[in-house]
Amino acid sequence: MADWVTISALATAGGTLVLAVATFASVRSANRAARVAERSLLVGLRPLLMPSRLEDGAQKVGFADEHFVMVPGGGGSAEVTDNAVYLVMSVRNAGNGIAVLHGWRMHTDYTPGKGEASALSDFRVLTRDIYVPAGDVGFWQGALRDPAAPEFLEAAAAIRERRRFAVELLYGDHEGGQRTVSLFGMQPRGDGGWFVSVARHWNIDRSDPR
């Protein structure tokens, strides 16, 4: 004779197990969809700075002390006075979101193959916000204003001797995330100006592709 109580209990347990498996699969699917949606949103906000193109227009950039420079597409400016070192680069945002520049660091002893970005504490914070629109041209500017500081003397010597140097730029999206460090190089050219190139990008808030 069938034990209907046992059969009923087993059927209930089986139904509960099937429901649990279905619920688990549904939650996993929802989590996966949420991650995909978040990733798509971040990609839509992500900036990526590159040198501007040679055919891009020149830009006039001013400093707080009323010093002005003109930088052509694909180029930069490096000038030295008794009181300041003025640095400017013309850049283009190849990413999908607005780039907000946070800080910079100059390297006069740059060698190719630099393996990792500098520590964030080593960057100079910009004194004003600089924004580069997505898919458009903008600029970066920086200045050294302590003639007695070692970094001022090193930068001034490199510029006067027309030696190649590098600049690390720290920037992120307009919500303060997806910070990136891009390593730019400035190479002297025959007409007194400087060519701008980029060597490497490092992701700060997410894993690197390499």
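Please sort by residue number the GluC sites (Glu not before Pro) in the stretch 128-178 whose DSSP state is loop and whose Cβ has at most 14 other Cβ atoms within 10 Å.
Those that pass, being in a loop and sparsely packed, are 161, 175.
Could you give the length gained on full extension between residue 187 and residue 116, defined as 0.36 nm per residue of separation minus the Cα-Cα distance, in nm?
The residue 187-residue 116 span can extend by a further 23.4 nm.
To make sure I understand, if each residue's beta carbon is the centre and we count other beta carbons within 10 Å, what order do 160, 179, 145, 92 fall in, fewest to most?
By the 10 Å Cβ count, ascending: 160, 145, 179, 92.
Using θ = phi - 60° and the Karplus relation 6.51 cos²θ - 1.76 cosθ + 1.60, list the HN-Hα couplings for the stretch 154-170 in order, rounded to whole Hz, with x at every Gly or Pro.
Calculated HN-Hα couplings, in order: 5, 5, 4, 5, 4, 5, 5, 8, 6, 9, 5, 9, 10, 9, 8, 10, 10 Hz.
Enumerate the amide H contacts of residue 136 below 5 Å, restricted to partners 5 or more residues apart or on another chain; note that Pro and chain-start residues carry no placed amide H.
93
Consider a paramagnetic label point 7 Å from the Cα of residue 151 along Cα→Cβ; state which residues of the stretch 166-210 have an amide N under 13 Å from it.
167-170
Report the charge-dipole magnitude of the stretch 80-179 in Debye, nearest 20, computed about the Cα centre from +1 at each Lys and Arg Cβ and -1 at each Asp and Glu Cβ.
That gives a dipole near 260 debye.
All of the numbers you see were taken from the coordinates with simple rules; none came from a lab. Keep in mind it's a predicted model, so treat the numbers as computed, not measured. Here the Cβ is made from the backbone with ideal geometry for all residues, glycine too, and neighbour counts use every protein chain on show.
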